[in-house]
Amino acid sequence: MAFRILTVEDSAQIREMIGDYFSAKGKDVFTVDFAPDGNTGLAMLYENEYDLVLLDIMLPGASGFEICRTVRSGSAVPIIFMTALGSESDILRGYDLGADDYIVKPFSLAALYAKCLALVKRAKGMVQRGEVITCGGIGLDPVKMTVTVNGETVETAPKEYFLLKLLMDNKERVLSREAIITKVWSYDFDGDERVVDNHIKKLRKALGSESKRIKTVFGGGYKLTEN
């Protein structure tokens with residue numbers, strides 16, 4: 001079965017080039033859907049499941065940054081930015097928002113194709129290997145985006161899920177509230193740092209007996225421990 005890609009790009013020429021190139025490489029590898037603006041792209045993401053998303057940044061309607069932030073609030077689908085914005089600050093912002101790769105226009109179609117294939121193969125490989133992150137009795141599946149406690153599935157809201165994943169990816173390391181906000185909410189969040197405490201409280205409630213593994217480090221932030 002072919003991998004399904006959504007390309008959100010306002011340039012008809014670029015859409016045509018990508019469509020023609022990917023089709024020529026074989027329709028059994030990728031099928032590509034196209035959205036000419038950000039709002040259409042978001043609607044298509046809500047209505048369909050994709051294996052990969054290609055995003056321009058400067059789009060009519062919702063920007064690529066906005067789309068990426070929205071997608072990352074509830075999905076781990078691979079995302080590649082392909083844009084004319086090539087400054088270091090733009091690139092870093094793209095990665096901060098959760099992009100897997102960032103390509104500056106003009107780009108090689110062959111390189112884009114290779115990056116797409118590598119990303120989806122890596123994602124599908126994770127599914128086949130069933131790589132679940134664990135800490136004590138907590139299990140987190142980064143592909144299925146599920147959380148278990150002592151083998152039982154527990155419900156978590158998107159923000160609590162990504163907060164837990166951040167803590168599990170950094171086991172035994174103290175993460176400041178500022179660092180957590182940057183990774184989970186993005187660098188341009190302008191709310192109060194106490195929002196982290198509120199979501200930690202909700203996460204602890206969801207984890208039940210395993211909530212003891214989330215330690216409060218006074219003056220420092222939070223960390224997840226095996227003990």
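The values are calculated or read from the model by the stated rules, or taken from the named source; none is laboratory data. Note that the coordinates shown come from a computational prediction; the quantities given were computed from them, not determined experimentally. Quick reminder, even Gly has a Cβ in these numbers, built from the backbone with ideal geometry, and neighbours come from all protein chains shown.
Observations on the model:
- Exactly one residue among ALA118, ALA99 is aliphatic (A, V, I, L, M), in a loop (DSSP other than H, G, I, E, B) and under 19 Å from the mean Cα position of the chain (by Cα), and that residue is ALA99.
Each row is one residue, and each column tells you yes or no for (1) within 21 Å of LEU117 (Cβ to Cβ); (2) at pLDDT 95 or above; (3) of a type outside the set (Ser, Thr, Tyr).
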| residue | (1), (2), (3) |
| --- | --- |
| MET1 | yes, no, yes |
| ARG4 | yes, no, yes |
| GLN13 | no, yes, yes |
| GLU16 | yes, yes, yes |
| SER23 | yes, no, no |
| ASP37 | no, yes, yes |
| GLU47 | no, no, yes |
| LEU52 | yes, no, yes |
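Condition check ((1) surrounded by fewer than 18 Cβ atoms within 10 Å (Cβ to Cβ); (2) of a type in the set (Gly, Ala, Ser)) across all residues:
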| position | (1), (2) |
| --- | --- |
| MET44 | yes, no |
| LEU59 | no, no |
| ILE67 | no, no |
| SER73 | yes, yes |
| ILE79 | no, no |
| THR83 | no, no |
| TYR95 | yes, no |
| ASP100 | no, no |
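- So LEU54, is it touching a residue at least 60 places away in the same chain (Cβ under 8 Å) and part of a strand (DSSP E or B): yes
- Restricting the stretch 160-187 to residues that are touching a residue at least 60 places away in the same chain (Cβ under 8 Å) and out of contact with any Leu (no Cβ under 9 Å at 6 or more places or on another chain), the residue that is surrounded by the fewest Cβ atoms within 10 Å (Cβ to Cβ) is THR182.
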